[in-house]
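Novice: Before I ask anything, let me first share the structure, which is written out below as structure tokens.
The values are calculated or read from the model by the stated rules, or taken from the named source; none is laboratory data. Keep in mind it's a predicted model, so treat the numbers as computed, not measured. Counting neighbours? That spans all protein chains shown, and the Cβs are built from the backbone with ideal geometry, glycine included. Keep in mind that these areas ignore ligands, DNA and RNA; they rest on the heavy atoms of the full protein, side chains included. Shrake-Rupley method; radii C 1.70, N 1.55, O 1.52, S 1.80 Å.
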Amino acid sequence: MKFYATSIPQTLPTWATVVSNNAGLIEVEINEQDPGFHSIIEELSTEIEPGIIGVKASDLCQRLNIEMVDTNEEN
């Protein structure tokens, strides 16, 4: 899994790797197989919609102190 951020903390968890950093856009890749990642996902899991369990990207980013790019912004 990959996501794009505008800011990240100095130190990322071992399951997160910066792939590129161009013009303030940081591409981060997540190792979904890492037990540490599974642990945080289990902790943050909620019922997003009736009958659908998952993790909101905003919750994960807040936990990791990452400012994710908002793809819903209008220019």
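Novice: So how tilted is helix 35-44 from the main axis of the chain? Cα-based, degrees 0 to 90, rounded to 10.
Specialist: Between the helix axis and the principal axis of the chain, the angle is about 70 degrees.
Novice: What shape does the chain have by the C-alpha gyration tensor, where a ≥ b ≥ c are the square roots of the eigenvalues, rounded means a/c under 1.5, and otherwise prolate means a/b greater than b/c and oblate the rest?
Specialist: oblate
Novice: Still on this structure, I have one more. Please name which of LEU60, PRO13, HIS38 has its Cα lying farthest along the dipole of the chain towards the positive end, using unit charges on Cβ (Lys, Arg +1; Asp, Glu -1) and the Cα centre as origin.
Specialist: The Cα lying farthest towards the positive end belongs to PRO13.
Novice: How large is the charge dipole for the chain, taken about the Cα centre, if only the Cβ atoms of Lys, Arg (+1) and Asp, Glu (-1) carry charge, to the nearest 20 debye?
Specialist: 220 debye
Novice: Please report, as a whole percent, how much of the solvent-accessible surface of the chain comes from carbon and sulfur atoms (probe radius 1.4 Å).
Specialist: Solvent-exposed carbon and sulfur of the chain make up 46 percent of the total.
Novice: Here is a follow-up. Report relative contact order for the chain in percent, whole number only (criteria: Cα-Cα under 8 Å, sequence separation at least 6).
Specialist: In percent, rounded to a whole number, it is 34.
Novice: Right, another one. For the chain, what is the accessible area per residue in Å² when the probe is 1.4 Å?
Specialist: Each residue of the chain exposes 73 Å² on average to a 1.4 Å probe.
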